[in-house]
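Novice: The structure's right below; bear with me while I get my questions together.
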Amino acid sequence: MFLEPIDFAAMYREHKATTDFKGKTSSDWDEKSADMAQSTINSPYVNDFISRMNITGDEVVLDIGCGPGTLAIPLAKKVKEVIAIDFSAQMLEELKAYAAREGVTNIKTYHLSWEDDWSALPRADIVVASRSMEVSDVETALSKMSSHASQACYLTYKVGGSFVDMNILDYIGKKVKTKPDYWYIPVILYTQGFLPRVDYIETGRGSVRSGTEEEFVESLIWSVHDLNEEQQLNAREYYREVIVEQNRPPRAVNWAFIGWETAK
């Protein structure tokens, strides 16, 4: 394919290790779980994701990084069973509460991360990873997904290398090293012998909230880990002068939807 071989998996690992967008801990997500349950459940993104899946209704689906059940609960209403895993115990509690409210009983939950041993998990027909593939080694993660799916895998990954609109970061004077972009994934899947399909889902916002000035600043800090005093003042100015006065909310976020068949 190339004049000289390129190790894209190693390139991803190196890129991921140097980015300023570091992964969150399970404790971070425990604290975020209630907020996520309110903001992501019943979003248009859910239908956009599920509509791109090839399901008949008789499948067992493994949902990796299931969060508060954003995808798991709607999927459970359409398939035979959902196996939901997350490394945040509180996210799983939010999922169980959501399932109880919806009368959904065909979900099994496991407190597991991408890096844990999945050998105890039941076999799945389909594996999904919705906005959850923030891993240090994407090659291993993709192999893990494929090996657990008898039919197909589907995932979404942020387009553009930043969880925050770069115009906002430029305005407030925050320089960042972007994270690996989505194109690593289809290239690595191709080297693994799969023929991935790529589509795109647009959502209203990413990790940055613009409801109030405080929410805006707090969500920026959540995304980039820290802002100094001057950057926080600039962020407040951006909120007042751009988001409020000019009525220009943060740009819509695009997610790459990547699917591949695993059946031989």
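The values are calculated or read from the model by the stated rules, or taken from the named source; none is laboratory data. Worth saying up front: this structure is predicted, and the values here are computed from it rather than measured. Ideal geometry is used to build each Cβ from the backbone, glycine not excepted, and the neighbour counts take in all protein chains shown.
Novice: Would you confirm, using the coordinates I've provided, whether LEU189 is on the phi < 0 side of the Ramachandran plot, among the aliphatic types (A, V, I, L, M) and either at pLDDT below 85 or buried (at least 16 other Cβ atoms within 10 Å of the Cβ) (or both)?
Specialist: It is true that LEU189 is on the phi < 0 side of the Ramachandran plot, among the aliphatic types (A, V, I, L, M) and either at pLDDT below 85 or buried (at least 16 other Cβ atoms within 10 Å of the Cβ) (or both).
Novice: Also, I was wondering about something else. Take segment 223-257 and flag every residue that is under 18 Å from GLY160 (Cβ atoms), surrounded by 15 or more Cβ atoms within 10 Å (Cβ to Cβ) and of a type outside the set (S, T, N, Q).
Specialist: Of everything in segment 223-257, those that are under 18 Å from GLY160 (Cβ atoms), surrounded by 15 or more Cβ atoms within 10 Å (Cβ to Cβ) and of a type outside the set (S, T, N, Q) turn out to be VAL224, PRO249, PRO250, ARG251, VAL253, TRP255, ALA256, PHE257.
Novice: Scan segment 102-114 for residues that are in contact with a helix residue (DSSP H, G or I) (Cβ under 9 Å, 6 or more places away or on another chain) and either free of Cβ contacts under 8 Å to residues at least 12 places away in the same chain or basic (Lys, Arg) (or both) and jot them down.
Specialist: Answer for segment 102-114, where residues must be in contact with a helix residue (DSSP H, G or I) (Cβ under 9 Å, 6 or more places away or on another chain) and either free of Cβ contacts under 8 Å to residues at least 12 places away in the same chain or basic (Lys, Arg) (or both): just THR105.
Novice: Can you tell me which residue in segment 24-50 is farthest from the chain's Cα centre (by Cα), limited to those that are within 17 Å of VAL253 (Cα to Cα) and modelled with pLDDT under 70?
Specialist: Result: SER39.
Novice: Any residue in segment 70-89 that's without any contact (Cβ under 8 Å) to a residue 40 or more places away in the chain: show its pairings with residues that are small (Gly, Ala, Ser) and part of a helix (DSSP H, G or I) at Cβ separation under 7 Å, as long as the two are six or more apart or on different chains.
Specialist: Pairs that qualify, where the first residue is without any contact (Cβ under 8 Å) to a residue 40 or more places away in the chain and the partner is small (Gly, Ala, Ser) and part of a helix (DSSP H, G or I), are ILE73/ALA99; VAL82/ALA72; VAL82/ALA76; ALA84/ALA72.
Novice: A further question follows. Between residues in segment 1-12 that are surrounded by 12 or more Cβ atoms within 10 Å (Cβ to Cβ) and residues that are at pLDDT below 95 and assigned to a loop (DSSP other than H, G, I, E, B), which pairs lie under 8 Å by C-beta distance while being six or more apart or on different chains?
Specialist: TYR12/PRO180
Novice: Something else: All but one of (1) in contact with a strand residue (DSSP E or B) (Cβ under 6 Å, 6 or more places away or on another chain); (2) modelled with pLDDT of 90 or more hold for GLY206; state the number of the condition that does not hold.
Specialist: That leaves (2) as the condition not met.
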